[in-house]
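This report concerns only the one structure given below.
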Amino acid sequence: DITTLRCDAIVNAANSALLGCWQPCHSCIDNIIHSLSGVELRIKCSQIMEAQGHEEETGNAKITPAYNLPCKYVLHTVGPIILGPLRRTDCDLLAGCYRSCLELAAENGVQSIAFCCISTGEFHFPQEQAAQIAVKTVSSFLRTQQADIRVIFNVFKDEDLRIYQRLLA
């Protein structure tokens, strides 16, 4: 459960409104993070989005306090929604999610970050390809930016666990 991790930041696979999921009792990560963080998170996200004046673009990220969660920050990123065959653009946008989160983490002194499997749930990005993009993008960022950030790939499904164990072996 990403919401129980005691790291500096967790990543929320958000929708483009950045206001959390509005379906009561929905089991998506966006709903769970907003519900457990408290109403302050939704208020902060609303303020950010009102000041921005438009929905968040896919591949970008925003940072907020975590409020009632044990971490310090929540990084909200909008992953690509897959409705047909996977395109190169989708892969580039997903890589952008990881880069945007890591850039914000570095700018805010985050020393540990937990990534969920961005876009693989409600947004239907194929799990294997998503994990490959995640590992490649994070590894490249940490190497090229010489960032000292501990990265946690937090998985929800057993299949994701097997994929990440194989990729990180």
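Being open to solvent by 20 Å² or more (accessible area, probe 1.4 Å), polar (S, T, N, Q) and modelled with pLDDT under 95, is that true of even one residue in the range 27-44? Looking for residues that are open to solvent by 20 Å² or more (accessible area, probe 1.4 Å), polar (S, T, N, Q) and modelled with pLDDT under 95, one finds at least one in the range 27-44, hence yes.
Determine whether Y67 is outside any loop (DSSP other than H, G, I, E, B) and of a type outside the set (A, V, I, L, M, F, W, C). Here the answer is no, as Y67 does not meet what is asked. Assigned to a helix (DSSP H, G or I) and over 20 Å from V135 (Cα atoms): does that describe D92? Answer is no for this residue. In the set (1) open to solvent by 70 Å² or more (accessible area, probe 1.4 Å); (2) polar (S, T, N, Q); (3) free of Cβ contacts under 8 Å to residues at least 12 places away in the same chain, N68 fails one condition alone, (3). A single member of A114, A130, A134, A106 is aliphatic (A, V, I, L, M), surrounded by 19 or more Cβ atoms within 10 Å (Cβ to Cβ), farther than 27 Å from W22 by Cα and in contact (Cβ under 8 Å) with a residue 12 or more places away in the chain, and it is A134.
For every residue, the table says whether it meets (1) of a type in the set (V, I, T); (2) under 24 Å from D8 (Cβ atoms).
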{"position": "I33", "(1), (2)": "yes, yes"}
{"position": "Q47", "(1), (2)": "no, yes"}
{"position": "N68", "(1), (2)": "no, yes"}
{"position": "D92", "(1), (2)": "no, no"}
{"position": "G96", "(1), (2)": "no, yes"}
{"position": "G109", "(1), (2)": "no, yes"}
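Among the small types (G, A, S), open to solvent by less than 50 Å² (accessible area, probe 1.4 Å), touching a residue at least 60 places away in the same chain (Cβ under 8 Å) and not in a helix (DSSP H, G or I) - does that describe any residue in the range 71-88?
yes
Report whether or not I152 is more than 23 Å from C71 (Cα to Cα), in contact (Cβ under 8 Å) with a residue 12 or more places away in the chain and of a type in the set (V, I, T). Here the answer is no, as I152 does not meet what is asked.
For the criterion of being part of a helix (DSSP H, G or I) and either on the phi > 0 side of the Ramachandran plot or out of contact with any Gly (no Cβ under 6 Å at 6 or more places or on another chain) (or both), E50 passes.
The values are calculated or read from the model by the stated rules, or taken from the named source; none is laboratory data. Being a predicted model, the structure only gives us computed values, none of them experimental. Glycine gets a Cβ as well: all are built from the backbone with ideal geometry, and neighbour counts include every protein chain shown. The protein model used for the area step is the full one, side chains on, heavy atoms only, and it has no ligands, DNA or RNA in it. Shrake-Rupley method; radii C 1.70, N 1.55, O 1.52, S 1.80 Å.
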